[in-house]
Amino acid sequence: MTDGPGPCGAALRRMVAESIAREAGLLALRLQRDPDLVVELKGIQDFVSAADRALEDLIKARIAAAFPEDAVLGEESGASAGIDEATAVWVIDPIDGTANFVRGRAGWCVSIALVRDGRAEIGVIYDPVQDELFSARHGHGATRNGEPIRVSRRTSLEGAMIGNGFSYRRPVADHVRISHLLLEAGCEYRRSGTGALDMAHVADGRLDGYVEMHINAWDVLAGLVLVREAGGWTNDFLRDGGLSRGNPILAAPAGLAEAVCGLLGLDLS
């Protein structure tokens, strides 16, 4: 299966991504129940399981079969050959929230994004535990299980709930400072362990924003498309090599984004 670069091609890619995400999520649910699932530690609180690798292999195989000309960037396997020349690059995280997954907890998801000609165009996030499929395509809105979603209408920091992500690529003090500032401003904050799913929840109005001082492309690009297509604002994550090196992320309703940036002293224009 191949398609051209036009709008019909983008619609087809979105449908295929949704199908792949559901298939991968159901496989993950089965593997999560395996008492002999192999789990390794890549870094401080950075887990990878045999399920992560199995899902990534599945997703890559399905993409290659449908769109052989496209490149893939995966969390576990890195970039496929020809990624620098490809106009369409799939960016995948087979299980975002592996630390939750390997402990038998909820709070993990499958994340699939498409970057085409330097723009994040498609974002699909599937939460198998809740059976919720979040999907968006540039210029065509965002949905949850086929129903339109929108970011929250909140414009004030007081009473807001902000997802506050963290990784050990940044100093612990940064995370503590942000948490302190949010609380002082009358905000609640949450750290769920899955930036991708938190971004989907911003798009769906369940969180009023999400901030993380460094996040990788596979954790955030699908959610970035969702938030923007649900009427929210994000910084330009792909600038300055964000696809390969990662960047900070702030996602929020447009009426709240400036206040969050000001509170945290961020310049993410």
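Cβ crowding within 10 Å ranks Met199, Met213, Met161 as Met161, Met213, Met199, fewest other Cβ atoms first. Charge dipole of region 7-148 (Cα centre as origin; +1 on each Lys and Arg Cβ, -1 on each Asp and Glu Cβ, all else neutral): 340 debye, rounded to the nearest 20. Only one residue of Ser19, Ile59, Ala71 has its Cα farthest out toward the positive end of the dipole of the chain, where Lys and Arg carry +1 and Asp and Glu -1 on Cβ, and that residue is Ser19. For region 161-264, the Cβ-based charge dipole about the Cα centre amounts to some 260 debye (Lys, Arg positive; Asp, Glu negative; other atoms uncharged). Note on region 7-148: percent of Cα-Cα distances in each 5 Å bin, starting at 0 and stopping at the bin with the largest distance, equals 2, 10, 21, 22, 19, 14, 9, 3, 1.
The value of relative contact order for the chain, using C-alpha pairs under 8 Å at least six residues apart, is 16 percent. Please report, in debye to the nearest 20, how large the charge dipole of the chain is about its Cα centre when each Lys and Arg carries +1 at its beta carbon and each Asp and Glu carries -1 there. Value, rounded to 20: 380 debye. Legend: helices of the chain (whole DSSP H runs) are marked when their alpha-carbon atoms reach 15 angstrom or more along the helix axis and their mean Kyte-Doolittle hydropathy is at least 0.5; marked are 172-184, 217-229, 254-264. With K and R counted +1 and D and E -1, the other residues having a Cβ less than 11 Å from that of Ala251 yield a net charge of -2. Residue-wise HN-Hα couplings along region 128-133, as the Karplus relation 6.51 cos²θ - 1.76 cosθ + 1.60 with θ = phi - 60° gives them from phi, are x, 5, 8, 6, 10, 10 Hz; Gly and Pro carry x. As a rough footprinting exposure proxy, the listed residues Asp57, Asp36, Asp84 were ranked by other beta carbons within 10 Å of their own, and the order from fewest upward is Asp36, Asp84, Asp57. Summary value for region 7-148: 22 percent relative contact order, contacts being C-alpha pairs under 8 angstrom separated by 6+ residues. Residue separation of Arg33 and Arg245 scaled by 0.36 nm, minus their Cα-Cα distance, works out to 73.0 nm of gained length.
List the chymotrypsin sites (Phe, Trp or Tyr not before Pro) within region 91-180 that DSSP assigns to loop and that have no more than 12 neighbouring Cβ atoms inside 10 Å.
Working: sites: Phe101, Trp108, Tyr126, Phe134, Phe166, Tyr168; in loops: Trp108, Phe166, Tyr168.
For chymotrypsin sites (Phe, Trp or Tyr not before Pro) across region 91-180 that sit outside H, G, I, E and B with at most 12 neighbouring Cβ atoms in 10 Å, the list reads Tyr168.
Projecting the Cα atoms of Ile249, Pro148, Ala99 onto the dipole axis of the chain, where Lys and Arg carry +1 and Asp and Glu carry -1 at the beta carbon, places Pro148 farthest toward the positive end.
Annotation: the residues Ile149, Ile125, sorted from fewest to most other C-beta atoms within 10 Å of their own C-beta, follow the order Ile149, Ile125. Farthest toward the positive end of the dipole of region 106-189, out of Met161, Ala173, Tyr126, is the Cα of Ala173, where the dipole comes from beta carbon charges about the Cα centre.
Based on C-alpha pairs under 8 angstrom that are at least 6 apart in sequence, region 161-264 has a relative contact order of 28 percent.
Computed over the chain, the per-residue total of -39500 (n - 2.57) for DSSP H runs of n ≥ 4 gives a 222 nm mean residue ellipticity of -11000 deg cm²/dmol, rounded to 500. Rounded to whole Å, the principal axis extents of the Cα atoms in the chain read 52, 45, 34, largest first.
Scaling the Cα radius of gyration of region 161-264 by the globular reference 2.2 N^0.38 Å produces a ratio of 0.96.
No lab work stands behind these numbers, since they all come straight from the coordinates. In this text, all values refer to a predicted model and were calculated from it rather than measured experimentally. Note that we place each Cβ from the backbone using ideal geometry, even for glycine, and neighbour counts take in every protein chain shown.
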